[in-house]
Amino acid sequence: MMTLIVGLFALVLRGYAGTRLEPVWFYSPPASMRYLTALLMLPVFPLLLAAYLPGRIKSATRHPLLVATTLWAVAHVWSNGTLLGLLLFGGFLAWAVVDLVSLGRRSPRPVPGAPPSAVNDWLAVGLGLGL
């Protein structure tokens, strides 16, 4: 199964790299959009790490990895004006939003793991901002 996933991801990367040579422009983002993208990307890595380090961040967002994916996709949809970027990052955005809505409708179940700790929050924020 892992081989299939890696193979499919390699196909996505190859297709994306191949179409970047002759992009189809969907819209032209303003140059200042890169600053908004950088601002939206700040919480992405701390949220990504908070998904694996239980603490208050994880309990407040319920699923920080999906929130991080949503922010990452929104930032890249806004700053990439190509049709390919819209399809790639828009697909990730649609998946994350649908999964978040689905998660909101399900009853929470206990997941075994490390106990929540404030140290984990500090680690997630510190290491995430470092990344």
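We did not get these values from a lab; they are worked out from the coordinates using the rules stated. Please read all numbers here as calculations on a predicted model, not as lab measurements. Virtual Cβ from ideal backbone geometry, glycine too; neighbours counted across all protein chains shown.
For segment 117-131, how many residues meet the condition of being of a type in the set (A, V, I, L, M, F, W, C) and either buried (at least 16 other Cβ atoms within 10 Å of the Cβ) or more than 16 Å from residue 42 (Cα to Cα) (or both)? Spell out the reasoning first.
Keep residues of segment 117-131 that are of a type in the set (A, V, I, L, M, F, W, C), which gives 118-119, 122-125, 127, 129, 131.
Remaining after also requiring either buried (at least 16 other Cβ atoms within 10 Å of the Cβ) or more than 16 Å from residue 42 (Cα to Cα) (or both): 118-119, 123-125.
Of the residues in that region, 5 qualify.
Consider only pairs whose beta carbons are under 8 Å apart and that are at least six residues apart or on different chains; among these, list those whose first residue lies in segment 31-46 and is farther than 22 Å from residue 126 by Cα and whose second residue is among the polar types (S, T, N, Q).
Every condition considered, the pairs that remain are 33/79; 34/79.
(1) in contact with a His (Cβ under 8 Å, 6 or more places away or on another chain); (2) more than 30 Å from residue 24 (Cβ to Cβ); (3) of a type outside the set (Val, Ile, Thr): which one isn't true of residue 100, the others all being true?
(2)
Condition first: of a type in the set (Gly, Ala, Ser) and surrounded by 14 or more Cβ atoms within 10 Å (Cβ to Cβ). Now tell me which residues in segment 73-116 satisfy that. Walk me through how you get there before you give the answer.
Quick first cut of segment 73-116, residues of a type in the set (Gly, Ala, Ser) only: 73, 75, 79, 81, 85, 90-91, 94, 96, 102, 104, 107, 113-114.
Across segment 73-116, the qualifying residues are 73, 75, 79, 81, 85, 90, 96.
Only helices (runs of 4 or more DSSP H) wholly contained in segment 1-91 count here; list those with 1 or more residues that are under 28 Å from residue 104 (Cα atoms) and touching a helix residue (DSSP H, G or I) at 6+ places or on another chain (Cβ under 8 Å).
On the way: elements: 2-19, 33-41, 44-50, 56-61, 64-79.
Filter on segment 1-91 gives 33-41, 44-50, 56-61, 64-79.
For the list (1) in contact with a helix residue (DSSP H, G or I) (Cβ under 6 Å, 6 or more places away or on another chain); (2) part of a loop (DSSP other than H, G, I, E, B), I need the number of the one condition that residue 99 fails.
(2)
Do we have any residue at all in segment 45-55 that's loosely packed, with under 15 Cβ neighbours inside 10 Å and closer than 27 Å to residue 130 by Cα?
Yes, segment 45-55 contains at least one residue that is loosely packed, with under 15 Cβ neighbours inside 10 Å and closer than 27 Å to residue 130 by Cα.
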